[in-house]
Amino acid sequence: EAQVTQNPRYLITVTGKKLTVTCSQNMNHEYMSWYRQDPGLGLRQIYYSMNVEVTDKGDVPEGYKVSRKEKRNFPLILESPSPNQTSLYFCASSPRLAVHTGELFFGEGSRLTVL
Amino acid sequence: GEDVEQSLFLSVREGDSSVINCTYTDSSSTYLYWYKQEPGAGLQLLTYIFSNMDMKQDQRLTVLLNKKDKHLSLRIADTQTGDSAIYFCAESILGKLSFGAGTTVTVRA
């Protein structure tokens, strides 16, 4: 089954404790992206990757890191989480965003709470 | 995002039509989209419209685009309880998607 898988789905952590949210897709998509969803703000892009070893900042990259060592995986790293990073995070992938079709395939989301 | 605006809530009676509105600011948008998010799930693409089109119909869904006013709407005919969800409008500029804040649609019996 074609899908985007995120882990963990739920996490409660404390300020400053490094964490990684994994994202994996099995559709051989070139494009992958991370978003955060906050009430009243919709989805805001954190980082994206057009292909292996190519990553770029989105609209709200501060406090986050990503890597794209292989096509299927795009982990989101919070080196020193803070309470303002409490949010619902979505990973998404696409086979052809470069030609503007814009069809993103989303994971089910990871709800992160930073105390 | 601040470039794409939508009202936050809509309540509709089952069987009626729902109309969700969206305004965007960038006239260079190439595609405009409607995504649906059901409770506890990620977003799924519902439909999209190319910027040189005025209307697109797909079964119960009708998308209207007014480029002059930068206004996009989604009409859902014969709204069902399964249509209760958050609907996001999004625009694509040079391949980058910008999302609105989402409209929560509640369908009441």
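The values are calculated or read from the model by the stated rules, or taken from the named source; none is laboratory data. These numbers come from a predicted model, not from an experiment. We place every Cβ from the backbone using ideal geometry, glycine too, and count neighbours over all the protein chains shown. Ligands, DNA and RNA are excluded from the accessible area calculation, which covers all protein heavy atoms including side chains. Shrake-Rupley method; radii C 1.70, N 1.55, O 1.52, S 1.80 Å.
Structure data summary
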{"quantity": "Residues being among the β-branched types (Val, Ile, Thr), open to solvent by 40 Å² or more (accessible area, probe 1.4 Å) and within 11 Å of chain A (Cβ to nearest Cβ) - total across region B:1-29", "calculated": "0"}
{"quantity": "Identity of the residue in region B:61-85, within 18 Å of B:Tyr24 (Cβ to Cβ) and within 14 Å of chain A (Cβ to nearest Cβ), that ends up surrounded by the fewest Cβ atoms within 10 Å (Cβ to Cβ)", "calculated": "B:Val63"}
{"quantity": "Failed item, numbered, when A:Asp56 is tested on (1) assigned to a strand (DSSP E or B); (2) crowded, with 20+ Cβ neighbours inside 10 Å", "calculated": "(2)"}
{"quantity": "Qualifying residue in region A:65-82 (condition: closer than 25 Å to B:Gly102 by Cα and either within 11 Å of another protein chain (Cβ to nearest Cβ) or open to solvent by 10 Å² or more (accessible area, probe 1.4 Å) (or both))", "calculated": "no"}
{"quantity": "Test: A:Leu19 is open to solvent by less than 10 Å² (accessible area, probe 1.4 Å), farther than 25 Å from B:Pro39 by Cα and away from chain B (no Cβ under 14 Å)", "calculated": "no"}
{"quantity": "Out of A:Ser24, A:Ser33, A:Ser110, A:Ser93, sole residue that is closer than 21 Å to B:Gln44 by Cα, at pLDDT 95 or above and surrounded by 20 or more Cβ atoms within 10 Å (Cβ to Cβ)", "calculated": "A:Ser110"}
{"quantity": "Residue list for region B:30-52, restricted to those being over 13 Å from B:Ala85 (Cβ atoms), open to solvent by 70 Å² or more (accessible area, probe 1.4 Å) and over 12 Å from the mean Cα position of the chain (by Cα)", "calculated": "B:Phe50, B:Asn52"}
